[in-house]
1. Considering only the range 111-125, state which residues are over 24 Å from ALA85 (Cα atoms) and in contact with a Pro (Cβ under 9 Å, 6 or more places away or on another chain).
2. Here's a check for you: in the range 9-46, which residue that is farther than 25 Å from GLU145 by Cα and among the β-branched types (Val, Ile, Thr) is modelled with the highest pLDDT?
3. With the requirement that a residue be assigned to a strand (DSSP E or B) and over 21 Å from the mean Cα position of the chain (by Cα), what does the range 70-108 give you?
4. Do we have ALA76 as among the aliphatic types (A, V, I, L, M), modelled with pLDDT of 90 or more and under 21 Å from ALA34 (Cβ atoms) here?
5. From the list THR111, THR125, which residue is in a helix (DSSP H, G or I) and among the hydroxyl-bearing types (Ser, Thr, Tyr)?
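The values are calculated or read from the model by the stated rules, or taken from the named source; none is laboratory data. From a predicted model like this one, the values you see are computed outputs, not experimental measurements. For neighbour counting, all protein chains shown are included, and Cβ atoms are generated from backbone atoms with ideal geometry for every residue, glycine included.
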Amino acid sequence: MKLRTSWNGFRFVALGLVSLFLLSSAGCSVYMAAKQPPEKNMDVMTIGTPRSMVLGELGQPISSETKDGQKVDVFAFVQGYSTGAKTSRAIFHGVADVFTAGLWEVVGTPTEAVFHGTKVSYEITYDERDKVCKCVPLSEKSKEEAPKQINEPSPKPPVEADK
C-alpha cells in the first residue's frame, strides 16, 4: 500500500514539474508579440499639421535646425503595429503554445524576432507658423509607410465670394 502512495506522489511531482517547465518555456513569443512597438499616426505629417502635434506623436527629432528661415526636423523611429494586430498575434501564439504543449515556441519566437516593425525616417519642414509645409521620406521603407496625402494640404472649406 505504501508503494502505491509513493508512486502517486511521484506522478504528482513529475506532473507539476512538467507543467512548470511548459508554463515557463511557453510564452516568449506571446510576450514578444505583445511588446512590439506601437503604430504611429503618420497623418500628423500632412501639410498644415502643427509642429506640437508632430512632436506629440513622433517624439523628439534626432536633428532640428533652421534652413532658409524654416525649421526642419529629422525623425527616425520604428513604425510598429496596431493594438489589435499585437493582441491577435499574442492570442494566436498563446493558443498555439497550449495546443502544441509549448513546441510552438520553436517557430513563434524567431518569427516575432523578425517581425519587429519597420525603421523609417522623415525630414519635416515647417512654415513660419510652425505648421508642416513639406515632408520628405528619407528611405524606401519610409516611402512605403508614408500616407498617400503626405505632401498634400489638408482639405479646407471653400471660401464664398463676397456678394
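1. Taking the range 111-125 as the starting set, the residues that turn out to be over 24 Å from ALA85 (Cα atoms) are 122-125.
Once the filter is applied, which keeps residues that are over 24 Å from ALA85 (Cα atoms) and in contact with a Pro (Cβ under 9 Å, 6 or more places away or on another chain), the range 111-125 yields TYR122, GLU123, ILE124.
2. VAL30
3. Hits for the range 70-108 are GLN70, LYS71, VAL72, ASP73.
4. Working: among the aliphatic types (A, V, I, L, M): yes; modelled with pLDDT of 90 or more: yes; under 21 Å from ALA34 (Cβ atoms): no.
In short, no.
5. Values: THR125 fails: in a helix (DSSP H, G or I).
Among THR111, THR125, only THR111 is in a helix (DSSP H, G or I) and among the hydroxyl-bearing types (Ser, Thr, Tyr).
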